[in-house]
Structures are given as structure tokens and as C-alpha cells.
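Following: one structure in C-alpha cells, then a few remarks.
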Amino acid sequence: QVQLVESGGGLVQAGGSLRLSCAASGSVFSIDTMRWYRQAPGKQRELVATITRGGSTNYADSVKARFTISRDNARNTVYLEMNTLKPEDTAVYYCAAGSREFNYYWGQGTQVTVSS
């Protein structure tokens, strides 16, 4: 089993920045890929960014050039640096971990609110 704990959410003005963290514990050796998702009220959960154990990354078009995903394998932690935040980035952000194909574990989510 793997436990994921997100932190770093909060309220920020448009144009501001936040850094989310997701700390993994337990059987972390089983994790290859970690992902950040977000879900806004009334909307489906959206994949925001992906990072593999080797450091390959992918981003949703809506966050490219503004968000950066990174990973510290020694600390079993993945980060999401979010810059130039927009009101439409407001959502609950979730961390997920698993293989290249599937997510096996989810965090509890952290709220990000961007005011205009």
C-alpha cells in the first residue's frame, strides 16, 4: 500500500503562484508514474501533469508553460509549481501514483482557489 498526502493549496490572487507537494509513504518502490489531477465544481476530473520515475513529463495544454511538475525520488515527493494562476485554475488538486498505464493510489486532495 502507498499513502499520498498533498499539501500547499490555498487562496491566491490571479497572477500569483503556489507550489503543491505530494508526499508518498509505504510501498513506494512500486510507483513508477505520478500524476496531478484537478476537479473544479461541476466538472470532470482533469489530468494536469504527469512525471515518470525517469523524469519524463507531460502537461495538459491548459497549463503548459505555467505549471511545472517535478519529483524528488529520494524524498518520495512530487511537486507541482503553479505560476501565473488564473481563476479557471480553481479546483481541488489530487495527486495519484501508479504505473505508466494506471493510477493505483490517490491522495485526499488540496483546494486551490484563485481570486480575480
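The values are calculated or read from the model by the stated rules, or taken from the named source; none is laboratory data. Since we're looking at a predicted model, the values are computed, not measured. Positions of Cβ are generated from backbone atoms using ideal geometry, with glycine treated the same way; all protein chains shown enter the neighbour counts. For accessibility, only protein heavy atoms count, side chains too; no ligands or nucleic acids. Shrake-Rupley method; radii C 1.70, N 1.55, O 1.52, S 1.80 Å.
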| task | State the Kirkwood hydrodynamic radius of the chain in Å, one decimal place, computed from all pairs of distinct Cα atoms. | result | 14.0
| Computed magnitude of the charge dipole of the chain (debye, nearest 20; Cβ of K, R +1, Cβ of D, E -1) | 60
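If I take every Cα pair under 8 Å that is 6 or more residues apart in the chain, average their sequence separation and divide by the length, what percent do I get for the relative contact order?
Relative contact order, the chain: 36 percent.
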| said: Quick check for you: with a 1.4 Å probe and neighbouring chains kept, what is the accessible area per residue of the chain, in Å²? | reply: 52
| Using a 1.4 Å probe on the protein chains only, how many percent of the accessible area of the chain belongs to carbon and sulfur? | 48
| task | Mind checking the full-extension length gain between S70 and Q3? Use 0.36 nm per residue of separation minus the Cα-Cα distance, one decimal, nm. | result | 22.3 nm
